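Heads up, the thing below is written out as structure tokens.
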Amino acid sequence: MIDLRLLRDNPDVVRASQVARGDDPALVDAALDADARRRSSFAEFEQLRAEQKSMGKEVARAQGDEKQALLARTKAIAEQVKALQADADTADVQLKEVLYSIANVVEGAPPGGEEDFIVLREEGTIRDFAAEGFTPRDHLELGEGLAAIDTQRGAKVSGARFYFLTGVGARLELALLNAAMDLAIAEGFTPVITPTLVKQETMQGTGFLGKHADEVYRLEKDDLYLVGTSEVALAGFHSDEILDLDGGPMRYAGWSACYRREAGSAGRDTRGIIRVHQFHKVEMFSYCRPEDAAAEHQRLLGWEEAMLQKAELPYRVIDTAAGDLGSSAARKFDCEAWLPTQDRYLELTSTSNCTTFQARRLGVRERTEEGTTRNVATLNGTLGTTRWIVAILENHQQADGSVYVPEGLRPYLGGLEVLEPVK
């Protein structure tokens with residue numbers, strides 16, 4: 001939720017953010033109108049309540065006709081108070097509804113949509129398979145040759161966009177996630193295995209029940225939601241708490257299964273395990289002071305790049321355009337690995353600075369030196385996920401269908417240097 005004081009004092013900043021995102025700037029005026037009506041009703045309510053209380057003493061002292069007149073006046077005021085209370089409550093509900101529909105204020109992201117990102121840098125060397133004398137296989141062909149990926153049985157058991165990871169496939173995913181968790185722990189993160197079912201207020205508080213709500217799985221009988229990232233549970237971990245950030249950011253690394261309906265992605269990346277309904281991920285999550293958020297964002301990006309370098313993948317870093325940001329993010333950087341068989345980059349990680357947006361919704365605060373409280377900032381970033389297998393198999397494949405194991409992952413695979421095809 002955006003800061004109501006910002007909305008009142010600098011509505012043009014919020015309007016400009018809405019325009020940059022491609023969202024409706026008229027929501028700003030709707031919010032201001034609801035806020036004005038709520039404040040006006042509440043002010044009248046308070047004035048009449050004060051009059052109502054003072055008249056109680058007058059009624060006690062009065063007698064005869066005067067008392068009857070005062071009683072009639074008291075009854076009329078009581079009805080007015082009740083009506084003003086209802087008006088104030090209605091305006092408050094309307095204000096909250098509008099505020100929940102306004103996305104976080106963009107901070108530094110380029111304007112435009114999905115294709116308007118800015119490439120910040122490219123790292124690593126893209127292999128020239130033609131010069132090496134062979135045509136690269138895609139990750140599914142390689143995975144099937146290694147007996148590592150089974151999408152046919154995944155579809156048989158669960159339907160489209162499900163899969164089994166078997167043998168070295170399962171080991172490779174565990175290697176990736178354990179390497180990611182070890183990197184996070186070495187940097188001071190607290191490891192967490194998070195719940196994958198959360199309440200509506202937690203899912204809504206993190207911003208996942210807005211315009212992309214159709215991508216979320218809901219268990220209607222239990223009124224619970226399956227998370228698409230452990231960010232959701234970690235954001236709710238300290239809801240309605242006052243944190244002590246004197247020692248610096250509080251950082252968590254969450255390991256969880258993740259579930260996404262992939263609504264609206266019909267026909268996109270249907271082959272293999274690029275765009276699936278279930279996967280595993282290690283997610284960094286940080287609570288910090290608002291003035292430290294931009295620097296913390298760069299640190300999260302640095303740790304993501306360190307993990308990509310451990311996997312020896314060629315990649316680029318992009319500054320995501322405003323229209324492609326999630327509703328909670330003020331700015332987002334993606335790291336995309338090169339995908340040889342599709343001649344394109346594939347997103348492997350993203351890190352978002354959500355400023356105080358999520359914390360305001362979830363009631364996460366810190367105490368200031370003056371003794372007051374204020375909302376903290378929250379940030380998140382992917383450190384490893386199932387999709388990385390796609391890039392590792394394709395970028396490290398050999399002509400015979402075997403796959404080179406990056407040195408950084410070998411300790412997690414029992415020292416294996418090469419994944420060999422199953423004859």
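Please treat every number below as a calculation from the coordinates, not as lab data. Fair warning: this is a prediction, and the values are worked out from it, not measured in the lab. Ideal geometry is used to build each Cβ from the backbone, glycine not excepted, and the neighbour counts take in all protein chains shown.
Table for the structure above
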| quantity | calculated |
| --- | --- |
| Spin-label model distance (nm) - ARG127 vs LYS199, 7 Å beyond Cα toward Cβ | 5.0 nm |
| Footprinting exposure proxy for LYS199, LYS53 (fewest neighbouring C-beta atoms within 10 Å first) | LYS53, LYS199 |
| Translational diffusion coefficient (Stokes-Einstein; Kirkwood radius from C-alpha pairs) of the range 4-101 at 10 °C, 1.306 mPa s, in µm²/s | 101 µm²/s |
| Neighbour cut-off at most 14 other Cβ (10 Å), DSSP loop, trypsin sites (Lys or Arg not before Pro), the range 264-335 | ARG268, ARG271 |
| Proximal lysines to LYS310, defined as alpha-carbon separation beneath 27 angstrom and excluding residues fewer than eight positions away on the same chain | LYS281, LYS332 |
| Cβ-placed point charges (K, R +1; D, E -1), dipole of the range 4-101 about Cα centre in debye, nearest 20 | 440 debye |
| Candidates LEU120, LEU71, LEU383, ranked by Gaussian network fluctuation over the chain, Cα under 10 Å, top entry | LEU71 |
| Highest-fluctuation residue, GLY371, GLY210, GLY124 considered, GNM on the chain with Cα pairs under 10 Å | GLY371 |
| GNM flexibility winner over the chain from ILE102, ILE193, ILE392 (Cα, springs under 10 Å) | ILE193 |
| Sites LEU245 and GLU347, calculated FRET efficiency, Cβ-Cβ separation with R0 41 Å, nearest 0.05 | 0.85 |
| Theoretical gain in end-to-end length, GLN68 to GLU187 [0.36 nm per residue, Cα-Cα removed] | 35.3 nm |
| Ranking of HIS212, HIS139 by count of other Cβ atoms within 10 Å, fewest first | HIS212, HIS139 |
| CD proxy at 222 nm, helix term only [per DSSP H run n ≥ 4: -39500 (n - 2.57); per residue of the chain; nearest 500] | -13000 deg cm²/dmol |
| Cα gyration tensor of the range 118-419 - equivalent ellipsoid semi-axes, whole Å, descending | 34, 22, 17 |
